[in-house]
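Participant: Below: one structure in structure tokens.
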Amino acid sequence: NTAEVNGNWTPQEKALHEARLKAKAKRRLRKSSSRNSTSESFSESGELSGSDPHSPKGKVNASDRKSRTGKGRGLPKKGGAGGKGVWGAAGMVYEDEEPDMRDPNYDESAQGDTVYATVVPEVDEKELEKMVNPIVQEYFEHGDTKEVQMLLKGLNLGQHKYEFSSLAVSLSLEGKASHRELTSRLLSDLSGKMLSQSEMARAFDKILKELPDLILDTPEAPQMLGQFIARAIADHVLPMSFLDCYKGKVDCDHARVALDRAEVLLNMKREMVRLDNVWGVGGGLRPVKHLVKEMNLLLKEYLISGDVSEAEHCLRDLEVPHFHHELVYEAVVMVLESKGDTASHMMIKLLQSFWKTGLITVDQMNRGFQRVYDELPEINLDVPHAHSIMETFVDLCYQESVITKQLRDACPARGRKRFVSEGDGGAIKN
């Protein structure tokens with residue numbers, strides 16, 4: 001019948017019939033495989049694989065929640081552990097999990113060692129001068145460049161760091177020669193460590209532009225700034241090409257004076273050595289021998305010119321009030337070694353002027369005379385009449401109110417009592 005029927009089918013009906021047969025075969029194959037997996041699961045759980053499917057154990061329970069597809073072994077998931085609200089299976093080791101910052105129970109302080117960093121805000125340009133001024137003024141007192149570096153590290157100067165150099169130079173222009181010497185040393189120590197050559201050049205460029213305002217308070221500002229530039233180039237604080245950058249490009253007359261001054265000073269030195277004497281003698285920063293030489297030269301020039309005001313100006317420029325006793329000592333020794341009374345009267349006039357103006361204090365005056373008293377026996381070897389000259393000079397100083405009565409009385413007597421003559425009966429002259 002099938003053949004007959006097939007013979008009467010059209011090609012489309014034949015193809016559809018074959019497709020249905022293939023689908024039916026696949027369903028049978030799927031059912032047979034599911035039965036085999038079910039029998040295997042029963043055999044693993046202790047049941048006989050060849051049990052009667054019509055028995056109560058082989059029937060499928062409609063209320064059973066297990067999968068009815070026949071897939072899997074029919075065992076509970078996860079082996080019966082790790083469900084919701086339980087600790088998990090015995091012996092299970094959990095790995096450390098990174099704490100989540102979005103967790104409501106996240107505790108920042110409990111996450112190891114907490115490091116607190118101090119954030120220093122950048123200094124505003126308006127507050128820069130207020131903060132730098134005290135640092136520079138204190139440096140002029142103690143002269144310790146390392147302390148300045150430590151204080152600058154505590155400030156966040158940011159892009160205004162170069163302005164520290166320009167402010168320091170501006171302040172020193174209004175101060176003493178020793179302040180300018182200290183500033184040159186500070187710039188030398190800061191160069192390369194905290195400030196580069198380009199930043200230093202930027203600072204000096206700013207000062208050159210501010211010269212018209214600086215000259216109102218300090219008329220000599222252009223010349224002094226030229227000395228600063230020359231010293232900075234010699235100390236390698238500024239690049240060697242600093243002056244070349246301004247040739248033919250400067251319109252300000254004051255800036256041109258400063259740059260010309262720097263160029264002259266640099267051309268005077270064939271070898272690029274430190275221009276240590278560009279600021280003259282700067283206080284106690286100089287060796288004692290140098291100060292003694294300067295004071296000796298000061299007194300010799302005074303004996304030639306007789307200009308008291310010039311001598312006073314030179315002594316003030318030395319800036320060593322604690323060393324003025326050396327001037328008193330040198331002046332008295334010059335009187336003892338001189339011939340005639342001219343030097344004696346001129347020195348009395350000079351010491352009297354210094355005494356009245358307060359340039360030499362009573363302590364320095366007493367110390368200078370006392371040094372001569374102590375060395376008088378040695379001086380007497382070179383100057384035979386030193387004792388008599390000293391007595392006369394001390395009396396004149398007392399009469400002109402240069403020294404006190406106690407200092408006059410402290411003048412040592414002669415080492416040997418002088419007799420009148422052998423024919424006077426050996427009487428000692430009073």
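The values are calculated or read from the model by the stated rules, or taken from the named source; none is laboratory data. Treat the numbers as computed from the prediction; the structure is a model and nothing was measured. In this analysis, Cβ positions are derived from the backbone assuming ideal geometry, glycine residues included, and neighbour counts consider all displayed protein chains. Side chains are part of the model used for accessible areas, which takes the heavy atoms of the whole protein and leaves out ligands, DNA and RNA. Shrake-Rupley method; radii C 1.70, N 1.55, O 1.52, S 1.80 Å.
Participant: Output the number of residues of the range 360-416 satisfying the condition of being over 17 Å from Y329 (Cβ atoms), touching a His at 6+ places or on another chain (Cβ under 9 Å) and at pLDDT below 90.
Facilitator: Of the residues in that region, 3 qualify.
Participant: Among the residues of the range 233-268, write down those that are of a type in the set (D, E) and free of Cβ contacts under 8 Å to residues at least 40 places away in the same chain.
Facilitator: D244, D251, D253, D260, E263
Participant: Considering the range 273-307 alone, what residues qualify as being in a loop (DSSP other than H, G, I, E, B) and either at pLDDT 55 or above or over 27 Å from S353 (Cα atoms) (or both)?
Facilitator: Hits for the range 273-307 are V273, R274, L275, D276, N277, V278, W279, G280, R286, P287, G306, D307.
Participant: Would you mind stating whether R270 is at pLDDT below 85, over 31 Å from the mean Cα position of the chain (by Cα) and more than 21 Å from R371 (Cα to Cα)?
Facilitator: Here the answer is yes, as R270 does meet what is asked.
Participant: Out of curiosity, is Q364 more than 21 Å from L303 (Cα to Cα), part of a helix (DSSP H, G or I), open to solvent by less than 50 Å² (accessible area, probe 1.4 Å) and of a type outside the set (G, A, S)?
Facilitator: Answer is yes for this residue.
Participant: Among the aliphatic types (A, V, I, L, M), under 22 Å from P222 (Cα atoms) and surrounded by 12 or more Cβ atoms within 10 Å (Cβ to Cβ): which single residue out of L182, L152, L195, L157 fits that description?
Facilitator: Among L182, L152, L195, L157, only L182 is among the aliphatic types (A, V, I, L, M), under 22 Å from P222 (Cα atoms) and surrounded by 12 or more Cβ atoms within 10 Å (Cβ to Cβ).
Participant: Sticking with this structure for a sec: Output the number of residues of the range 313-339 satisfying the condition of being modelled with pLDDT under 90 and acidic (D, E).
Facilitator: 2
Participant: Only one of V394, V333 is touching a Cys at 6+ places or on another chain (Cβ under 6 Å) and assigned to a helix (DSSP H, G or I); which?
Facilitator: The match here is V394.
Participant: Here's another thing I want to ask about it. Could you grab me the full set of residues in the range 162-188 that are part of a helix (DSSP H, G or I) and small (G, A, S)?
Facilitator: S165, S166, A168, S170, S172, A177, S178, S184, S188 - these are the residues of the range 162-188 that are part of a helix (DSSP H, G or I) and small (G, A, S).
Participant: Only residues in the range 172-183 that are among the polar types (S, T, N, Q) count as the first member; pair them with residues that are surrounded by fewer than 21 Cβ atoms within 10 Å (Cβ to Cβ), Cβ under 6 angstrom, at least 6 apart or cross-chain, and list the lot.
Facilitator: Between residues of the range 172-183 that are among the polar types (S, T, N, Q) and residues that are surrounded by fewer than 21 Cβ atoms within 10 Å (Cβ to Cβ), the close pairs are S178/G283; S178/E319.
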